[in-house]
1. Can you work out which of the residues in the stretch 48-63 that are loosely packed, with under 13 Cβ neighbours inside 10 Å and at pLDDT 80 or above is nearest to Val94 (Cα to Cα)?
2. Assess whether Val94 counts as being of a type in the set (Val, Ile, Thr), modelled with pLDDT of 85 or more, in contact with a strand residue (DSSP E or B) (Cβ under 9 Å, 6 or more places away or on another chain) and not in a loop (DSSP other than H, G, I, E, B).
3. Glu40: within 20 Å of Phe79 (Cα to Cα) and surrounded by 12 or more Cβ atoms within 10 Å (Cβ to Cβ), yes or no?
4. Got a number for residues in the stretch 5-36 being among the small types (Gly, Ala, Ser) and closer than 24 Å to Phe79 by Cα?
5. Return the residues of the stretch 1-19 that are of a type in the set (Val, Ile, Thr) and either surrounded by 10 or more Cβ atoms within 10 Å (Cβ to Cβ) or at pLDDT 85 or above (or both); say none if nothing qualifies.
6. Answer with yes or no whether Ser133 is among the hydroxyl-bearing types (Ser, Thr, Tyr), farther than 24 Å from Thr11 by Cα, at pLDDT 90 or above and within 19 Å of the chain's Cα centre (by Cα).
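The values are calculated or read from the model by the stated rules, or taken from the named source; none is laboratory data. As the structure is a computational prediction, the values presented were derived from the model and not from experiment. Cβ placement follows ideal geometry from the backbone for every residue including glycine, while neighbour counts extend to all protein chains displayed.
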Amino acid sequence: MARVRIASRTTSDGEVVFNFANGKTLQVNLGDVVANGNVEKLAVFGLGEKIASAFVSGDVESSYRRAVEMVELLRKGEFRFESAERGPRIGMLVKAIVRVGDGKASEEQVRAIVEAMDEAGLKRLRGSAKLKSVMAQIRAEETAAAAAEAGGDDLDDLLGSF
């Protein structure tokens, strides 16, 4: 099933504008919402969201590395609207390419090539049905591994009542 974009978001001059797929628009001025003492809450929430955007997916170690990179950028006064890793799922995309290539190139080699690509090249890769399928397979494997590691999920007990 194709993903449908629900809304796009633009920011400028102290406001955020959401343009929804149904043609409706929601415009929020920062001044309107901080008047009630929300400045610190919004700032802390935004900080958390900004750092979290750096590790949308991927393994724990690379996610931690990207989060640290994002904090370092923010401390330097650099605020980018993309994540520290040029958009979502590059880590997953790299893993999928390595798998499709049967490990002929290392993750580091593939990452270097992918990171050097322009947005059009990344869009073509992300649009590949084969890579989408492999990424879904990797996500499923990672989810299963995390569930097994967490333990306590006895499906037989849950299904025993059926």
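1. Filtering first and then ranking leaves Glu49.
2. no
3. Spelling it out, it is not the case that Glu40 is within 20 Å of Phe79 (Cα to Cα) and surrounded by 12 or more Cβ atoms within 10 Å (Cβ to Cβ).
4. 5
5. Across the stretch 1-19, the qualifying residues are Ile6, Thr10, Thr11, Val16, Val17.
6. Criteria met by Ser133.
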